[in-house]
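A.B. asks: Got a structure for you, written out below as structure tokens; questions coming shortly.
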Amino acid sequence: MKTYVVGNWKLNFTVGESSIYLHKLMKALPVHRGMEVVVAPSTIALQPLSLQIDRHKIKLATQNGFYRDYGAFTGETSFSQLRGMVDYAIIGHSERRYIFGEDEKFIQKKVAAAIRNKITPILCIGETESERAFGETADVIRDQLASGLSQVGDDELDKIVIAYEPVWAISSVKSAKLATPDEVAEVVRLIRGALREIYGKDAAENVPVLFGGSVNASNAGSYLTVPGVNGLLIGGASLILGEFVDIIEIAKRVRV
Ligand code: PEP
């Protein structure tokens, strides 16, 4: 399986800055078959960057998309409009769940709409600090996974990527803490166990599972060697080009 390094730029960079970053990143990276490097710029930058990008080296992800293809939905961009422009969609990110109030029904419709439009969802799941403190992590993970994938058929599971992102470890969260590799390993085991229950043994092994939460060049290696982890979803550190390139180099060294 490939190793994923995904940069989520969130609400940062103008279109011009995004384009310069991409240009420099493409120059810095050789083509590498074992790596899947993905960047997720703002929606407004996706169209120009889709014309600029060398997809042999880097893929584009959208940070969002709406599940209906067209209609009276002011301000939305549909996955059908993004079709052909991006390869991936970040769905279920904790910022969408908790700042914008996206619930499980909304998220599962977005997952289905992305797949329908040939865009691979990166489904983010993860417990909050209080859910962990109350011992609810396993239930939250199982529920978010089962619900997020409820419209995904057995034959579509090869079009899914899961990202485990404990909300308490996201760098922009106040008092964020680093997850230990053991904590990550335990939840990744849970995720694969839940996938096995829902879809069977092969599925549990073949779905890429990424980790995200304050990953940087100093800790990337420790997360990339956690059993069952196939890559990283990176927010803050992906905004610094040099650091993002370092993380990609570390990923090649420790995994490929
Ligand atoms: C994220 O928000 O997906 C994320 C992982 O952010 P950070 O790396 O900044 O914690």
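The values are calculated or read from the model by the stated rules, or taken from the named source; none is laboratory data. From a predicted model like this one, the values you see are computed outputs, not experimental measurements. Ideal geometry is used to build each Cβ from the backbone, glycine not excepted, and the neighbour counts take in all protein chains shown. For the accessible areas, the whole protein counts, side chains as well, though only heavy atoms, and no ligand, DNA or RNA atoms are used. Shrake-Rupley method; radii C 1.70, N 1.55, O 1.52, S 1.80 Å.
A.B. asks: Search the structure for amide H atoms under 5 Å from the amide H of Leu232, placed 1.01 Å from N in the peptide plane, and list their residues when 5 or more places away or on another chain.
C.D. replies: Here the answer is Tyr4, Val5, Val6, Phe211, since their amide H atoms fall under 5 Å of that of Leu232.
A.B. asks: Can you put Lys59, Lys109 in order of accessible area, largest first, using a 1.4 Å probe?
C.D. replies: Sorted by accessible area, descending: Lys109, Lys59.
A.B. asks: Given the peptides 88-94, 113-119, arrange them by the average over their residues of other C-beta atoms within 10 Å, most packed first.
C.D. replies: Peptide ranking by packing, descending: 88-94, 113-119.
A.B. asks: Further, regarding this structure: For the range 238-252 and the range 188-208, what is the centre-to-centre distance using only Cα atoms, to the nearest Å?
C.D. replies: 29 Å
A.B. asks: Taking the Cα centroid of the range 43-98 and of the range 1-31, what is the distance between the two, rounded to the nearest whole Å?
C.D. replies: Taking the Cα centre of each part, the range 43-98 and the range 1-31 sit 15 Å apart.
A.B. asks: Here's something else I'd like to know. May I ask you to list the chymotrypsin sites (Phe, Trp or Tyr not before Pro) in the range 47-81 that are in a DSSP loop and have at most 13 other Cβ atoms within 10 Å of their Cβ?
C.D. replies: Listed in order of number, the matching sites are Tyr70, Phe73.
A.B. asks: Give the relative contact order (percent, whole number) for the chain; include only Cα pairs under 8 Å separated by 6+ residues.
C.D. replies: Result for the chain is 20 percent.
A.B. asks: Can you say what percent of the DSSP beta bridges in the range 111-256, counting only those with both residues inside, are antiparallel? Round to 5.
C.D. replies: Around 0 percent of the beta bridges assigned by DSSP in the range 111-256 are antiparallel ones.
A.B. asks: Taking the Cα centre of the chain as the origin, how large is its charge dipole in debye, to the nearest 20, when only Lys and Arg (+1) and Asp and Glu (-1) carry charge on their Cβ atoms?
C.D. replies: 780 debye
A.B. asks: Projecting each Cα onto the charge dipole of the range 3-255 (Lys/Arg +1, Asp/Glu -1 at the beta carbon, about the Cα centre), which of Ile122, Ala169, Ser150 comes out farthest on the positive side?
C.D. replies: Working it through, the farthest residue towards the positive pole turns out to be Ile122.
A.B. asks: Got a sec? Charge dipole of the chain, +1 on Cβ for Lys and Arg, -1 for Asp and Glu; which of Tyr88, Phe134, Ile58 is way out at the positive end?
C.D. replies: Ile58
A.B. asks: Same structure, new question: List the lysines whose alpha-carbon lies under 25 Å from that of Lys27, not counting same-chain residues fewer than 8 positions away?
C.D. replies: Lys2, Lys10, Lys57, Lys59, Lys252
A.B. asks: Here's a follow-up. Per DSSP helix of 4 or more residues, -39500 (n - 2.57); summed, then divided by the residues of the chain. What does that give at 222 nm, rounded to the nearest 500?
C.D. replies: Here the helix-only value at 222 nm equals -12500 deg cm²/dmol.
A.B. asks: While we're looking at this one, here's another question. Counting Lys +1, Arg +1, Asp -1, Glu -1, what net charge surrounds Ala220 among other residues with beta carbon under 12 Å of its beta carbon?
C.D. replies: Cβ neighbours under 12 Å give a net charge of 0.
A.B. asks: Provide the per residue accessible area, probe 1.4 Å, for the chain, rounded to a whole number of square angstrom.
C.D. replies: For the chain, the per-residue accessible area is 45 Å².
A.B. asks: Over the chain, what is the percentage of antiparallel beta bridges among all DSSP beta bridges, to the nearest 5?
C.D. replies: Just about 0 percent of them are antiparallel.
A.B. asks: What's the local net charge at Arg68, with K and R +1, D and E -1, over the other residues with C-beta under 9 Å away?
C.D. replies: Combined, the nearby Lys, Arg, Asp and Glu give -1.
A.B. asks: Could you compute the net charge surrounding Gly193? Neighbours are other residues with a C-beta less than 15 Å from the C-beta of Gly193; K and R count +1, D and E count -1.
C.D. replies: Counting the neighbours of Gly193, the net charge comes to -1.
A.B. asks: Which ³J(HN,Hα) values, rounded to whole Hz and listed in residue order, are derived for the range 156-167 from phi using the Karplus coefficients 6.51, -1.76 and 1.60 in 6.51 cos²θ - 1.76 cosθ + 1.60 with θ = phi - 60°, glycine and proline given as x?
C.D. replies: 10, 5, 6, 10, 10, 10, 10, 10, 8, 10, x, 4
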